[in-house]
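Asks: I'd like to ask some things about the structure below.
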Amino acid sequence: MCVHNSARSQMAEAFLNTLYGDRYEAMSAGLEPGVLNPYVVRAMQEIGIDISGAKTKSVFDLYKAGQLYSYVVTVCDPEAAERCPIFPGVTRRLHWGFPDPSRMQGSDEEKMAQVRAVRDAIRNQIESWVQGQV
């Protein structure tokens, strides 16, 4: 989960489902769903993962659906994470804060470099977490 479901949570969902879909199923959502970040789409395409068709979703829609989750992971800043609902039956809530790609500054290439850094940090965090689950 993140604020707009336009960048960080979309990348995390794509990484978990692409790399570890045989063991986990990830779903992403945001507090205030927005529009998919084009820098994030490009950064993921660079490593062979196409999220261009992904839709942003509301965390509250997932909450209302009543589905049970083993983990809820927030990837936004701590203040936004506190606004996320407590899902029924959740056994563990994790917070992995990453910079917001929508706030990146600079030229096109500077923004891409910053988004790549966030992308790689998310992938590393997921890989470390999965290794710890074994």
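Asks: Would you calculate the separation in nanometres between label points at Ile86 and Ile47, each defined as 7 Å from the Cα along the Cα-to-beta-carbon direction?
Replies: 3.4 nm
Asks: Computed FRET efficiency, Cβ-Cβ of His95 and Val35, R0 25 Å: what is it to the nearest 0.05?
Replies: The formula returns an efficiency of 0.55 here.
Asks: Follow-up question, since we're still on this one. How about the chain: what cysteines have no other cysteine beta carbon under 4.7 Å from their own?
Replies: Cys84
Asks: For region 24-29, take each phi angle, set θ = phi - 60°, evaluate the Karplus expression 6.51 cos²θ - 1.76 cosθ + 1.60, and give the result in whole Hz per residue in order, putting x for glycine and proline.
Replies: The phi angles translate into 9, 10, 9, 10, 10, 7 Hz.
Asks: Report the relative contact order of region 8-128, percent, no decimals, based on alpha-carbon pairs under 8 angstrom and at least 6 residues apart.
Replies: Once divided by the residue count of region 8-128, the mean separation gives 28 percent.
Asks: What spacing in nm lies between the two simple spin-label points modelled at Ser128 and Phe60, each 7 Å away from Cα in the Cβ direction?
Replies: Taking the two extended label points, one gets 3.4 nm.
Asks: For the chain, give the magnitude of the charge dipole about the Cα centre (Cβ charges: +1 Lys/Arg, -1 Asp/Glu; no others), in debye to the nearest 20.
Replies: 280 debye
Asks: Take the chain, connect every pair of alpha-carbon atoms lying under 10 Å apart with a spring to form a Gaussian network, then pick out the residue of Leu68, Leu36, Leu16 with the largest mean-square fluctuation.
Replies: Of the options given, Leu68 has the highest mean-square fluctuation.
Read the figures in this text as sums done on the coordinates, not as results from a lab. Predicted, not measured: the structure shown is a model, and the values here were computed from it. Backbone-built Cβ (ideal geometry, glycine too); neighbour counts: all protein chains shown.
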